[in-house]
Every structure is written in structure tokens, then in C-alpha cells.
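The values are calculated or read from the model by the stated rules, or taken from the named source; none is laboratory data. Keep in mind that what you see is a predicted model, and the values were worked out from it rather than measured. Ideal geometry is used to build each Cβ from the backbone, glycine not excepted, and the neighbour counts take in all protein chains shown. The protein model used for the area step is the full one, side chains on, heavy atoms only, and it has no ligands, DNA or RNA in it. Shrake-Rupley method; radii C 1.70, N 1.55, O 1.52, S 1.80 Å.
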Amino acid sequence: MTDDVKASGVDFHCHLDLFPDYEAAIARTEAARIYTLTVTTTPKAWMRNYELTRGTRYIRAALGLHPQVVAERAGELPLWERHLPETRYIGEVGLDAGPRFYKSLETQKYVFRTILVRCAEAGKKILSVHSMRCVPAVLDMIELYLPRDRGTVVLHWFTGTKSEVRRAVNLGCYFSVNAQMVKSDRGRALVADLPMDRILTETDGPFIDINGHPAEPTDIHVTADLVARLRNVHVQELAKTVIGNLHTLVD
Ligand code: MN
């Protein structure tokens, strides 16, 4: 994923397949040389995402089963397992204990546990993980089912405490940070505190708006700029660090 010194940024979590002009968004991302992970929400969406990105230089597709759709889509878990050998990248997966999804939490745990176990068996997988209102349980499950030498988790839109950040760091996790996170005091404190060598950037487009439109990978410079200000580094230096972190992650 990272053989090009001319890369300009990293968007490690977006949903390119949810853009109406999906193919144009891919072309813009390639032209802007942004390393991008496009996650899927259901195993049924995988094939199309994979086919449309397999010829690209900067974009990789991830195979997911989103916790927010587990209530309706848990039956697609065998399909997820069947596609697993086709990719190194997994996501969006995880747990969501928000009020709308709490009811399916036990099923979500079953699905997430199966995903972690299968990834540990396969080895070298990289997972983009959602942990909304469920950070302790997500970290417990990573610790139990995905040993550090069997795969790596990137915590997407992480909202844990400082001690949970330390715990995640000790489990080998990275953090993909988006523009929305730095809008709250709590989010800013968290981003200011992350170890520099574990930071990645993301847009989570199209679910986050940047400058009045749904964010896409080419907007990652806005995220990079916000994080750079918080960390008191030049935006170019931040971008270089993040590209280096991605390099370490995928090597
Ligand atoms: Mn997402």
C-alpha cells in the first residue's frame, strides 16, 4: 500500500461505496495520491468495492460487517468468512452499544468474536474497528481473541478515556482520527494525548461533513490540519508522520 514517496495523505476509514459518484470519487482520490481504506458495511457489498478498487494504486477495500447492521445482517457472517482470504483489510467491524443498537449487542459480540478469531487464525490482518459506547468490551475482546502478533487493530473514531488509550496502545492498536473528533473538548484532549507513532487520519466520509459537503478522501487535508494544530506541528510534518505510521502498520 505504501511504495510511493509522493503520497499526500492517508484516509484510513471512509465509505467510498456510499458515494453516488463512486467512480469519480475513486479517480479524484487516485489523482490526489491519498492512501485510502474504503470500508464496507456488509459482506454483500464487498465484491463491488473490491472490483472497483483492485486496479488502483492508493485505495484498498476492507471486508466488513458493521455492528449497526448486525441485527439484520448477522446471517451474512458465513459470506464474510468466505471472502476473508481475498483481503488483508477488515472493516467496518466492532461493537455499538448506542440506544438504537443496544438490543443486538449480544449478536454483535458473537459476530465480532468470530471475526477476531478468524483474523487471528489467518494472521497479518488489519482491522478498522468501531467501538461506540463500548470501548471496554471492544478492548477486552481484542485482548482475548486477537494476539498482537496475529493482527493489528486501528480504532476508528475512538472516544475512550486516557487510561483506555494506554490500554489500547499496549494492545498494539492505532487510532484513526477524524475532523468531527476534534470539535469537542474531550476529543481534542484525546487527540492531543495519543502517541504520535500510532496516529492515522480518516474522513469517515460520507458520514461527516467538511465545509458543507460529505467528506471524501480529498478532504483529508482538513483533518490533517486540525490534528497538526492540536499537536503543534506543521501540517506537512504531520502528513509525513501519518504516512510513515501507515508504512509501519502495513509492513
Ligand atoms: Mn464508518
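Cβ-Cβ contacts under 7 Å between residues 6 or more apart (or on different chains), taken from a first residue in region 107-134 that is over 15 Å from Glu92 (Cα atoms) and aliphatic (A, V, I, L, M) to a second residue that is assigned to a helix (DSSP H, G or I) and away from the ligand (no atom under 16 Å from the Cβ), are listed as Val117/Tyr145; Ala120/Tyr145; Ala120/Arg150; Ala122/Leu84. Might you check whether a residue that is surrounded by 22 or more Cβ atoms within 10 Å (Cβ to Cβ), under 13 Å from the mean Cα position of the chain (by Cα) and of a type in the set (Gly, Ala, Ser) occurs anywhere in region 170-183? Looking through region 170-183, at least one residue is surrounded by 22 or more Cβ atoms within 10 Å (Cβ to Cβ), under 13 Å from the mean Cα position of the chain (by Cα) and of a type in the set (Gly, Ala, Ser). Counting only helices (runs of 4 or more DSSP H) that fall entirely inside region 62-155 and contain at least 3 residues that are closer than 21 Å to Thr248 by Cα, the qualifying elements are 105-122.
For region 39-56, the tally of residues that are open to solvent by 10 Å² or more (accessible area, probe 1.4 Å) and either more than 16 Å from the ligand (Cβ to nearest atom) or of a type in the set (Asp, Glu) (or both) stands at 9.
Applying a threshold of 6 Å to beta carbon distances and a minimum spacing of six or more residues, or different chains, the list of pairs starting in region 10-38 at a residue that is within 11 Å of the ligand (Cβ to nearest atom) and ending at one that is open to solvent by 30 Å² or more (accessible area, probe 1.4 Å) and not hydrophobic (A, V, I, L, M, F, W, C) reads Leu18/Pro206; Leu37/Arg60.
Looking at (1) in contact with a Ser or Thr (Cβ under 7 Å, 6 or more places away or on another chain); (2) of a type outside the set (S, T, N, Q); (3) at negative phi; (4) open to solvent by less than 20 Å² (accessible area, probe 1.4 Å), find the lone condition where Ala25 falls short. Unmet condition: (1).
Whether any residue in region 121-135 is within 16 Å of the ligand (Cβ to nearest atom) and surrounded by fewer than 18 Cβ atoms within 10 Å (Cβ to Cβ) is what I want to check. Yes, region 121-135 contains a residue that is within 16 Å of the ligand (Cβ to nearest atom) and surrounded by fewer than 18 Cβ atoms within 10 Å (Cβ to Cβ).
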